[in-house]
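*Asks:* Dumping the structure here so I can ask a few things about it.
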Amino acid sequence: MQQTALAFGSQRDDDVDAIHQATALYTVEAECNALLDDLTWPASGGMLLDPGAGSGAMLVAAIKRLQPARNDPQALAERVRGYEFHPGAAEAARRNIAGYLIEAGWAGPAATAAAARIVETRDFLLSPVPVGEASAAFSNPPWLRYAGLPPAYRADFEAAVPAHARADLMHAYMERMAQVVRPGGQIGAILSDRFLFNEGAAALRARLGASFAVTAIRRLDASSAFFRPKTRRKGTAPRVHPVAIVLSSGANGRHLAAEPFRFEGDAPPPGVALGDLARIQIAPWIGPDGIFSVRNRAPFPGANLVPIVEPEDIDPHHDRIGPVRRWAFVTHPETEPPESVLRHLEGQLERMPPRGRRRVRWVPPESFAHRLPLKEPAILVPRIAKTLRAIPLPPGVVPTGHNLVVVSGERPEVVSGWLRHPLVQAQALQHAPRLEGGYLSLTATFVRALIVPHDAFGR
Ligand SMILES: C[S@@+](CC[C@H](N)C(=O)[O-])C[C@H]1O[C@@H](n2cnc3c(N)ncnc32)[C@H](O)[C@@H]1O
């Protein structure tokens, strides 16, 4: 029994050593500071935790930022903590912290005591999570794919980490860090950009996105952001496409969801505003069903009736308009409509809410005479949608309601080409105000401001 325990112990030491060897790439001070700049800690109060502390680079930067009162190990350990499962690295972190504190004027014993309290030799993923204890989780977590984990470690990892966070140690770290921070807290982390796009991280992104928003993100230069521990000159995988990201709980920021998170092109690409290339108008509101719109045209001889399209008429799978269900009266304020129309309106107008009543009783709340329907085909953009969509609008059809935006004055296939351009789609995903359930609010004003990149012309 004892032998098994011993064998297990040494196996685990080997595994920790192997994982450390594969993941220990430390962060240069300038990058630690840049990431701290994006956190509300230390002003927010509470504790900052680096749960993969390595030799303590991020902890030392955090302590410098905090400027703690001298010789008070307990007070300092309440504000800054670190975990590192590799005993040698944990020892190096303690040495570096104590060294800095002594430089900052602490007495040696107090500095050593503080470092011992701050850095725990502990496996962050396999030990119980200190739920809600930190106001900031601040880490350059280990990056290592599931397939690269030593088999014995992998078994425990599987038992401790939920399926949606198992693909990489980095994912497991994000999952746990989200639990460690208290409501209103932040995660400041250095991740691979594949975390933002890969399907394998989609479920994790969605879970994180339910409580956190992205409040800062930028790419790092992998050739200058990291350094290797002296003892590990070889064997550490290079870091490809690192990004520094801050997730803030309960804050306004960019939405993180299962869909790929695009942050490239935050500044709009060089190009021309859609509003300068086409006419963009919001569809008119004509009041409740059955007043200015009817399902049966037959009783209205001589009336100018045009087919209507509303968001419900658009086939969500094919972005096509379905069969006509209703027609609207086209009336001009200065011309009285036929008797049949007047009688119908007389009988129905009492249902019109006050905001929709007009002095000339045959005019709908938002008159569209002279501007709609269009004689040429155009494009409709649903205002509430998960992506920017382009629906062909045939001539002679009136879109109604504020949930449709009409783009006209240019050939529809050209306009849909512009709207489908990846950089135009990215602008919508990044900048459109969010509604519940992953929907965007794509108002006429927003659609006018979309920049069509130069390379979208002349294709
Ligand atoms: C990429 S290094 C970063 C170190 C430090 N935060 C920095 O930026 O300089 C990640 C560290 O996490 C440690 N680590 C990996 N898995 C761990 C785990 N499950 N628990 C605690 N530490 C772990 C590794 O040994 C390594 O030192």
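The values are calculated or read from the model by the stated rules, or taken from the named source; none is laboratory data. For clarity, every value in this text was computed on a predicted model and none was experimentally measured. Neighbour counts run over all protein chains shown; Cβ positions are idealised from the backbone, glycine included. Note: areas computed on protein heavy atoms with side chains; ligands, DNA, RNA excluded. Shrake-Rupley method; radii C 1.70, N 1.55, O 1.52, S 1.80 Å.
*Asks:* How many residues are in contact (Cβ under 8 Å) with a residue 24 or more places away in the chain, over 37 Å from the mean Cα position of the chain (by Cα) and within 14 Å of the ligand (Cβ to nearest atom) when one looks only at segment 74-94?
*Replies:* 1
*Asks:* Considering only residues that are in contact (Cβ under 8 Å) with a residue 24 or more places away in the chain and over 16 Å from PRO87 (Cα atoms), which ones fall in segment 112-124?
*Replies:* Selection gives ALA113, ALA114.
*Asks:* Out of ARG182, ARG218, report the one residue that is out of contact with any Lys or Arg (no Cβ under 7 Å at 6 or more places or on another chain), under 24 Å from ASP123 (Cα atoms), assigned to a strand (DSSP E or B) and more than 16 Å from the ligand (Cβ to nearest atom).
*Replies:* After ruling out the rest, the residue left standing is ARG182.
*Asks:* Looking at segment 82-103 only, could you name the residues that are over 17 Å from PRO229 (Cα atoms), open to solvent by 60 Å² or more (accessible area, probe 1.4 Å) and not hydrophobic (A, V, I, L, M, F, W, C)?
*Replies:* GLU103, the sole residue that qualifies.
*Asks:* Given (1) open to solvent by 20 Å² or more (accessible area, probe 1.4 Å); (2) at pLDDT below 95, where does GLY108 come up short, assuming only one miss?
*Replies:* With (1) open to solvent by 20 Å² or more (accessible area, probe 1.4 Å); (2) at pLDDT below 95 applied to GLY108, the lone miss is (2).
*Asks:* Run down GLY347, GLY396 and say which single residue is modelled with pLDDT of 95 or more, at positive phi and not assigned by TED's automatic domain parsing to the domain that holds VAL214.
*Replies:* Answer to the check: GLY396.
*Asks:* Identify the single condition in (1) open to solvent by 20 Å² or more (accessible area, probe 1.4 Å); (2) more than 13 Å from the ligand (Cβ to nearest atom); (3) touching a Lys or Arg at 6+ places or on another chain (Cβ under 9 Å) that ASN71 does not satisfy, given that it satisfies every other one.
*Replies:* (3)
*Asks:* Just checking, does segment 299-314 include any residue being under 30 Å from the mean Cα position of the chain (by Cα), part of a loop (DSSP other than H, G, I, E, B) and surrounded by fewer than 19 Cβ atoms within 10 Å (Cβ to Cβ)?
*Replies:* So far as segment 299-314 goes, yes, one or more of its residues are under 30 Å from the mean Cα position of the chain (by Cα), part of a loop (DSSP other than H, G, I, E, B) and surrounded by fewer than 19 Cβ atoms within 10 Å (Cβ to Cβ).
*Asks:* Can you spot a residue in segment 305-316 that is of a type in the set (D, E, K, R) and touching a Lys or Arg at 6+ places or on another chain (Cβ under 7 Å)?
*Replies:* Scanning segment 305-316, I find at least one residue that is of a type in the set (D, E, K, R) and touching a Lys or Arg at 6+ places or on another chain (Cβ under 7 Å), so the answer is yes.
*Asks:* Does segment 103-115 contain any residue that is within 16 Å of the ligand (Cβ to nearest atom) and assigned by TED's automatic domain parsing to the domain that holds LEU66?
*Replies:* Yes: segment 103-115 contains one or more residues that are within 16 Å of the ligand (Cβ to nearest atom) and assigned by TED's automatic domain parsing to the domain that holds LEU66.
*Asks:* Looking only at segment 31-62, count how many residues are in contact (Cβ under 8 Å) with a residue 24 or more places away in the chain and more than 10 Å from the ligand (Cβ to nearest atom).
*Replies:* Qualifying residue count, segment 31-62: 15.
*Asks:* Here's something else I'd like to know. Across segment 123-137, what is the total count of residues that are buried (at least 16 other Cβ atoms within 10 Å of the Cβ) and within 8 Å of the ligand (Cβ to nearest atom)?
*Replies:* Looking only at that region, the number is 3.
*Asks:* Just to check your reading of the model, which residue among SER55, SER10 is polar (S, T, N, Q) and surrounded by 24 or more Cβ atoms within 10 Å (Cβ to Cβ)?
*Replies:* On inspection, the qualifying residue turns out to be SER55.
*Asks:* Consider ARG154 carefully, then state whether it is within 16 Å of the ligand (Cβ to nearest atom), of a type in the set (Lys, Arg), over 22 Å from ASP37 (Cβ atoms) and in a helix (DSSP H, G or I).
*Replies:* The answer is yes for ARG154.
*Asks:* What is the one condition in (1) touching a helix residue (DSSP H, G or I) at 6+ places or on another chain (Cβ under 6 Å); (2) modelled with pLDDT under 95; (3) hydroxyl-bearing (Ser, Thr, Tyr) that THR23 does not satisfy?
*Replies:* For THR23, the exception is condition (1).
*Asks:* Further, regarding this structure: For segment 183-198, does any single residue satisfy the condition of being farther than 15 Å from HIS241 by Cβ and of a type in the set (Asp, Glu)?
*Replies:* no
*Asks:* Tell me, please, whether a residue that is within 13 Å of the ligand (Cβ to nearest atom) and not charged (D, E, K, R) can be found in segment 192-205.
*Replies:* For segment 192-205, residues within 13 Å of the ligand (Cβ to nearest atom) and not charged (D, E, K, R): present.
*Asks:* What is the one condition in (1) more than 13 Å from the ligand (Cβ to nearest atom); (2) under 22 Å from LEU126 (Cβ atoms) that MET170 does not satisfy?
*Replies:* For MET170, the exception is condition (1).
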